[in-house]
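Data first, discussion second: the structure below is written as structure tokens.
None of the figures in this text is laboratory data; all of them are computed from the coordinates on show. Keep in mind the model is a prediction, meaning the values are calculated, not measured. Methodologically, a virtual Cβ is constructed for each residue, glycine included, from the backbone with ideal geometry; neighbour enumeration extends over all protein chains shown.
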Amino acid sequence: MSNRATPPRHIAITGASAGLGRALALAYACPGVVLGLSGRDANRLEASATDCRARGATVVTATVDVRDAAAMQSWLDQFDATHPIDLLIANAGASSTLAHPSEWETRECTTSIVDTNFYGAMHAVLPVVDRMRTRGRGQIALISSIAALRGMAISPAYCASKAALKAWGDSVRPLLARDGIRLSVILPGFIKTAMSDAFPGERKLLWSAEKAAHHIRRGLAARRAEIAFPGLLAFGTRLLPLLPPSIADAILRRLSYVPREGR
Ligand SMILES: NC(=O)c1ccc[n+]([C@@H]2O[C@H](COP(=O)([O-])OP(=O)(O)OC[C@H]3O[C@@H](n4cnc5c(N)ncnc54)[C@H](OP(=O)(O)O)[C@@H]3O)[C@@H](O)[C@H]2O)c1
């Protein structure tokens, strides 16, 4: 029997107003597909929706902050009631980076990053899981990051939030599988978006958002539990936790992922 998923028809994507979320929406947009797209910036979200409609998709937009649990529940309940979600992509995310050794992430910054990247994803996934469970089917994609594999001094809160998301996904995957729900954790390396444009270190092996979206789409169609890319960066980063921490830190410093003077 094929392990490939039936192509999803009803797809909800958070953070679809820009970057990877927008590219994912476009990658899935075609006649017969209904997209539920969310983001905070109404104008940019509408621009994504217009481009997806031009490809033949039906699009329903929601201007909602992923940190607002009640608003997320209300949007997803409404969308799912009319278009039972086959695929949910929890993509919305924010980053925080340290450009200089004198900088430090404050409590407010740390809370905001974890609220958006971890709890924001939970606010999308948990309401939908309940509804998928009653149907006995569905697919969930969590957009984490290669930064989940090893903490880096250049972005402490971001790494922690993405590691938490990966750990949660790995934890619940077998529980969801019992109910017919497939879960994939996505670990992208650098993708050319506004987020990575603001990254103060070197962006090794940078992919376009379109290339990343198509790669993710193929991986989700094959129901891969984990989709990490580019392969070389993922392989190298997976080795870091196997090394003594001081050696891993020295490698990360050399690669410009530890803030340094004169950058
Ligand atoms: N770019 C990379 O190199 C890279 C690498 C690994 C992982 N990722 C992950 O990929 C995902 C997409 O990132 P990106 O590079 O496409 O970033 P981006 O260009 O900055 O886009 C971020 C998206 O998330 C939305 N968003 C941010 N905060 C939100 C909030 N509180 N509520 C609702 N929506 C919110 C933004 O929409 P509004 O501004 O309209 O709210 C926007 O649509 C993120 O989870 C990121 O961590 C990116």
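Of Glu105, Glu46, Glu210, the residue with the greatest mean-square motion in the GNM of the chain, using alpha carbon springs below 10 Å, is Glu105. Based on Cα contacts under 8 Å between residues 6+ apart, the chain shows a relative contact order of 20 percent. In terms of its Cα atoms, the range 146-263 spans 52, 32, 23 Å along the principal axes, sorted from long to short. Here the calculated FRET efficiency for Ala54 and Thr82, from their Cβ-Cβ distance with R0 = 22 Å, stands at 0.50, rounded to the nearest 0.05. Of the residues Ile251, Ile85, the one with the fewest other Cβ atoms within 10 Å heads the list, and the complete ranking is Ile251, Ile85.
Per 0.36 nm of contour for each residue apart, how much would the distance between Asp197 and Trp104 grow if the chain were fully extended, relative to their Cα-Cα spacing?
Working it through step by step, the gained length comes to 31.4 nm.
For the pair Arg260 and Thr111, label points projected 7 Å from Cα toward Cβ lie 3.5 nm apart. Based on alpha carbons, the Rg and Dmax found for the chain are 18.1, 57 Å. The magnitude of the dipole of the range 196-263, with charges of +1 and -1 set on the Cβ of Lys/Arg and Asp/Glu and taken from the Cα centre, is near 220 debye.
Highest mobility in the GNM of the chain, judged by mean-square fluctuation with C-alpha springs under 10 Å and restricted to Pro245, Pro31, Pro84, is found for Pro245.
With the contact rule set at Cα under 8 Å and sequence spacing of 6 or more, what percent relative contact order holds for the range 186-236?
Computed value for the range 186-236: 49 percent relative contact order.
Fewest-first ordering of Leu175, Leu142, Leu233 by other beta carbons within 10 Å of each residue's beta carbon gives Leu175, Leu233, Leu142. Relative to the Cα centre, the charge distribution of the range 100-192, modelled as +1 at Lys and Arg Cβ and -1 at Asp and Glu Cβ, gives a dipole magnitude of about 580 debye.
With the contact rule set at Cα under 8 Å and sequence spacing of 6 or more, what percent relative contact order holds for the range 1-102? About 32 percent, as a whole number.
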